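This report refers to the structure that appears directly beneath it.
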Amino acid sequence: MDERTIFERAVLDGAFRVLITREELEKRIQELGRAITKDYRGKDPIVIGILNGCFVFIADLVRTIELDLEIDFLKISSYGDAQVSSGQVTMLKDVNAEIGGRHVLVVEDIVDTGVSLKYLEERLQALNPASLKFVTLLYKKEKAKIHFDIDYVGFEIPDEFVIGYGLDHKQILRNLPAIYVMD
Ligand code: PRP
């Protein structure tokens, strides 16, 4: 019997195809951090990560932003353990910070159908922030039907099931250090 973990098989055997390497992630995140630092100078933004998937990306991203920023999190779910969005977004943990009048930058790991982002845009805009922008590491631009431009995009990707670097398969494999495609 094969006693290796799925993680080991993914990394060692090449069971999953690498879509974006650690080096590519690091380089692109540095670029995003530089752009955000420049755009938000003098604004001291509040950076809001959307749990759970954002946790690796936001940790790396904020360390490339040279500003006095605040960090908070909110948690929504539209997938559960499924691979296809339910189309219904549930708020599991709301943001704690007061965001009225603040410059808000929302951090997502992936925009897939766009359902989550649309929900977040409506909900956060209703709280009257001074500004509201979005950064996503991965963007399925062809698939998502977003009625506004996403301010900062790491990588546009095709419509494939991706895992690693925060993104899960049935809640595991978030700790893979690169982005992989599960064929
Ligand atoms: C993922 C991801 C985004 C959302 C994107 O969250 O983190 O929030 O799906 O998909 P959409 O564009 O189709 O709405 P998920 O609900 O899987 O929870 P997780 O972050 O805890 O994995």
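Rule-based calculations on the coordinates, nothing more; no lab input. None of the values given here were measured: they were computed from a predicted structure. Quick reminder, even Gly has a Cβ in these numbers, built from the backbone with ideal geometry, and neighbours come from all protein chains shown.
Just subtract the alpha-carbon distance of Asn175 and Glu70 from 0.36 nm times their residue separation and send over the number in nm, one decimal.
Separation in residues times 0.36 nm, less the Cα-Cα distance, equals 35.3 nm.
Give me the three principal axis extents of the range 2-55 from the C-alpha atoms, as integers in angstrom, largest value leading.
For the range 2-55, the Cα extents along the three principal axes come out at 55, 23, 11 Å.
Nothing charged except the Cβ atoms of Lys and Arg (+1) and of Asp and Glu (-1): what's the magnitude of the dipole of the range 126-183 about its Cα centre? Round to the nearest 20 debye.
180
Using modelled amide H (1.01 Å from N, peptide plane; none on Pro or chain starts), what sits under 5 Å from the amide H of Leu51, excluding residues fewer than 5 places away?
Amide H to amide H, under 5 Å and 5 or more residues apart or across chains, Leu51 pairs with Leu74, Lys75, Ile76.
What is the spin-label model distance, in nm, from Phe55 to His147 if the labels are put 7 Å beyond Cα along the C-beta direction?
For the pair Phe55/His147, the computed spacing is 3.4 nm.
Which of rounded, prolate, oblate describes the chain, given a ≥ b ≥ c as roots of the alpha-carbon gyration tensor eigenvalues and a/c under 1.5 marking rounded, otherwise prolate only if a/b is larger than b/c?
Judged from the Cα gyration tensor, the chain comes out prolate (a/c at least 1.5, a/b above b/c).
Using only helices, what value at 222 nm comes out for the chain when you add -39,500 (n - 2.57) per DSSP H run of length 4 or more and divide by the total residues, to the nearest 500 deg cm²/dmol?
So the calculated ellipticity at 222 nm is -7500 deg cm²/dmol.
May I ask you to derive the FRET efficiency for Asp183 and Asp44 from their Cβ-Cβ distance with R0 = 35 Å, giving the value to the nearest 0.05?
Numbers: r = 44 Å, r/R0 = 1.25.
After rounding, the FRET efficiency stands at 0.20.
Filter Lys38/Lys143; Lys143/Lys170; Lys27/Lys93; Lys75/Lys140 down to the pairs with a C-alpha to C-alpha distance above 28 Å, please.
Exceeds cut-off: Lys38/Lys143; Lys27/Lys93.
R0 = 22 Å: FRET efficiency of Ala97 with Glu160, Cβ-based, nearest 0.05?
E(calc), rounded to 0.05, equals 0.05.
Count neighbours as other Cβ atoms within 10 Å of each site's Cβ, and list the chymotrypsin sites (Phe, Trp or Tyr not before Pro) in the range 123-183 that are DSSP loop with at most 16 such neighbours. Could the numbers behind the result be given before it?
Working: sites: Phe134, Tyr139, Phe148, Tyr152, Phe155, Phe161, Tyr165, Tyr180; in loops: Phe148, Phe161, Tyr165.
In loop regions of the range 123-183 (DSSP not H, G, I, E or B), the sparsely surrounded chymotrypsin sites (Phe, Trp or Tyr not before Pro) are Phe148, Phe161.
Any idea how far the Cα center of the range 15-85 sits from the one of the range 117-150, in Å?
Each part's Cα centre sits 14 Å from the other's.
Please give the peptides 102-115, 20-33 ranked by average Cβ packing (other Cβ atoms within 10 Å per residue), highest first, as a rough proxy for protection.
102-115, 20-33
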